[in-house]
Amino acid sequence: MQAHSGDAALHAFGTDTPGASLDPVFAAFLYCTSMFQKKARAICSSSSFVGWLVLLAIFVGACSSKVVQYPADHERIRRIDRAIESLRDAYQQKNRSGFQSVMLPLDQLEHLQREAEADFDIFHTISLEFKVERIMIEGDDIDVYVHWQGVWKKAADDVGMGQRGHARLQWVGTHSILLRGVQGDLPFGMKTRQTLSEAPPPQAKPQ
């Protein structure tokens, strides 16, 4: 994975960890491993010991240069990772101020905050996990595509309601990463979703 100071499109490897870590060093390692395999096929058709030593030197040199080549972009990716985790953790911990602090003051997001606060009031515990599938960066705009799954319980001994879906989290910023919009099937607002699912179907009008 390679990021540049200008407009860039970054594809993040998914992770099953609750915080969905986006460690750029790990991403660079995956990139270098791929490049090493390609060079191995092109250069070392025979299994000579000298050939493998040359390839190993190329591999180590390439990796070390990739890790430090764009430190500003690597640091920005870490800030994006922390912003995503802050959003997830604030919702899971039912932290109203923390949930609001990662968002821009926009009408769409104020509605999202009200939906989340309704969840905080009705559910005893919330367990939510994000898996980042892809990140697209263009200038200051950041689009994060996540697969989420969670369990919402109204009581400690409740089996809970399990849900999952896909969402697009739209962020903005370089040094301060803030949420500017959301799209897709969101995990926030589960109370409203449950109310709609439990509502009786409309009765047919008599003819």
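The values are calculated or read from the model by the stated rules, or taken from the named source; none is laboratory data. Because the structure is a prediction, the values reported are computed rather than measured. Ideal geometry is used to build each Cβ from the backbone, glycine not excepted, and the neighbour counts take in all protein chains shown.
Values as computed for the structure displayed
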| item | result |
| --- | --- |
| Residues of the range 121-168 classified as closer than 24 Å to ARG180 by Cβ and among the aliphatic types (A, V, I, L, M), total | 10 |
| Matching residues, the range 122-135, being farther than 16 Å from TRP148 by Cβ and touching a residue at least 40 places away in the same chain (Cβ under 8 Å) | ILE122 |
| Any hit, the range 71-83, residues being of a type in the set (A, V, I, L, M), more than 14 Å from the chain's Cα centre (by Cα), crowded, with 17+ Cβ neighbours inside 10 Å and closer than 15 Å to ARG180 by Cα | no |
| Top-ranked residue of the range 151-178 - restricted to ones that are among the small types (Gly, Ala, Ser) and surrounded by 15 or more Cβ atoms within 10 Å (Cβ to Cβ), ranked as farthest from ILE77 (Cα to Cα) | GLY160 |
| So GLU115, is it acidic (Asp, Glu), part of a helix (DSSP H, G or I) and touching a residue at least 24 places away in the same chain (Cβ under 8 Å) | yes |
| Conditions (1) under 21 Å from THR195 (Cα atoms); (2) in a strand (DSSP E or B): number failed by PHE120 | (2) |
| Failed criterion for LEU104 (all others in (1) of a type outside the set (D, E, K, R); (2) over 18 Å from ARG78 (Cα atoms); (3) out of contact with any strand residue (DSSP E or B) (no Cβ under 8 Å at 6 or more places or on another chain); (4) touching a residue at least 60 places away in the same chain (Cβ under 8 Å) hold) | (3) |
| Residue in the range 55-64 that is of a type outside the set (Asp, Glu), surrounded by 14 or more Cβ atoms within 10 Å (Cβ to Cβ) and either at pLDDT 95 or above or within 17 Å of the chain's Cα centre (by Cα) (or both) present | no |
| Top-ranked residue of the range 84-122 - restricted to ones that are among the basic types (Lys, Arg) and more than 22 Å from ILE142 (Cβ to Cβ), ranked as surrounded by the most Cβ atoms within 10 Å (Cβ to Cβ) | LYS94 |
